[in-house]
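A quick write-up on the structure given underneath.
The values are calculated or read from the model by the stated rules, or taken from the named source; none is laboratory data. Quantities reported herein were computed from a predicted structural model and do not represent experimental measurements. Neighbour counts run over all protein chains shown; Cβ positions are idealised from the backbone, glycine included. Areas reflect the complete protein model, heavy atoms only, side chains present, ligands, DNA and RNA absent. Shrake-Rupley method; radii C 1.70, N 1.55, O 1.52, S 1.80 Å.
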Amino acid sequence: MGKLASDSDSESSTFLSDENEGRETFCKKVRNLIKRRALLLWSIGFWMLGVVVLSQGYGMSWITASYVVTQIVTTIGYGDISLSGYWMHYFISFYILVLLVLAGFLINSVVASFMDQQTERLQNRMAILQEKADRFAAMAQRHHVLSLTRDLLEEAHVTQIRSYFSQRFEERKTLLLAAFWFFLHVLFGTIFFTLLEPCSCSFGLTAIDGCTAENVCEVGAKKTYAESFYMSVVTLTTVGFGDYSPKSWWGRLVGIPWMLSGIVTTATFLAEMQNVLLHRGPSVEEQARTMNRSTFEKMDLNNNGSLSRHEFVSYMMVQEGMVDQDSVDALIKVFDAIDVDRNGTLTWSEVEGFRQSVDQPGQSSARGR
């Protein structure tokens with residue numbers, strides 16, 4: 001009775017602990033969501049403040065004022081529009097500092113939200129894989145293992161190839177996606193600004209003197225495909241030389257979201273490239289030195305409280321990427337199929353019997369009986 005009561009108390013404690021952990025996780029998600037919404041509202045409000053001040057103080061159109069604010073947020077700084085005035089210099093100085101802080105918090109918040117979503121997707125995927133593995137284990141338990149030996153050998157080879165390419169793709173998936181969006185932004189900017197602004201007199205504060213519809217291609221600003229490509233790369237990398245910039249009303253209108261999304265994709269692409277080129281995982285010695293109880297229990301496959309050479313080597317090879325876990329599991333299944341007496345070792349008679357059962361599948365059922 002005492003043991004049953006103790007087990008019941010332990011289960012109740014575990015349940016309450018899991019419930020409290022789930023409540024804390026939910027509250028944390030709600031707090032993060034509120035914080036992100038507040039940052040978004042503050043950023044939009046401060047953005048609109050800059051647009052109003054520039055449009056009222058300088059007589060800019062709202063599209064030009066938004067275009068200037070976008071240059072501030074993205075730190076591109078073409079230099080095609082400059083601001084003058086004693087009080088305006090003070091205002092813009094403080095405005096830049098506050099807006100960049102808000103923009104930095106907002107971008108970090110968006111990136112953190114994206115990473116949380118990716119982590120949740122990974123956890124869901126691992127749960128599905130675990131369910132499939134449990135179903136396979138149940139199927140193998142219902143049937144005699146020797147009847148599956150030929151399939152297991154084929155599966156080990158196919159799984160190894162499939163897992164290799166799957167692992168390589170998973171390692172490069174984020175980089176490929178980031179590269180796709182970066183080059184898509186460059187391609188869009190190249191085509192859009194070449195077709196929209198092959199020749200432009202600009203407008204407002206940046207209107208070119210003496211430029212008319214008749215002489216626009218002689219006097220006005222010109223863009224070829226090469227120049228638009230150059231401007232796109234210079235813009236998205238926030239270099240912003242200023243020798244080429246959006247000139248037309250539509251060019252600036254479309255350029256605002258293009259610049260905002262473009263610097264995010266560029267930063268992501270460059271970060272992923274750096275991870276691929278410079279990232280190095282911890283060495284085997286470092287992994288062994290930092291091993292904790294949880295890692296030890298994962299390596300202890302037979303749960304006997306000690307690690308065999310096989311368990312240690314297999315785990316470290318998987319962690320180092322020398323072999324994937326699916327291949328190790330498939331090979332263990334083949335070993336178990338050969339090990340008829342289940343003593344954890346193989347004799348020549350067991351190996352020979354296994355070979356015969358594979359070469360002559362009809363004998364496997366008789367051997368199992």
Q) Going through the stretch 174-202 one residue at a time, which ones are open to solvent by 50 Å² or more (accessible area, probe 1.4 Å), in contact (Cβ under 8 Å) with a residue 12 or more places away in the chain and of a type in the set (Phe, Trp, Tyr)? A) Trp181, Phe188
Q.
Suppose the filter is part of a helix (DSSP H, G or I), within 30 Å of Gly79 (Cα to Cα), touching a Lys or Arg at 6+ places or on another chain (Cβ under 7 Å) and at pLDDT below 80; does Ser109 pass it?
A. yes
**Q.** Residue under evaluation Leu97, criteria (1) more than 19 Å from Leu39 (Cα to Cα); (2) open to solvent by 40 Å² or more (accessible area, probe 1.4 Å), criterion not met
**A.** (1)
Q: Mind counting the residues in the stretch 71-106 that are within 26 Å of the chain's Cα centre (by Cα), under 23 Å from Asp243 (Cα atoms) and not in a loop (DSSP other than H, G, I, E, B)?
A: 2
Q: Consider Gly262 carefully, then state whether it is open to solvent by less than 70 Å² (accessible area, probe 1.4 Å), touching a His at 6+ places or on another chain (Cβ under 7 Å), closer than 29 Å to Tyr58 by Cβ and modelled with pLDDT of 90 or more.
A: yes
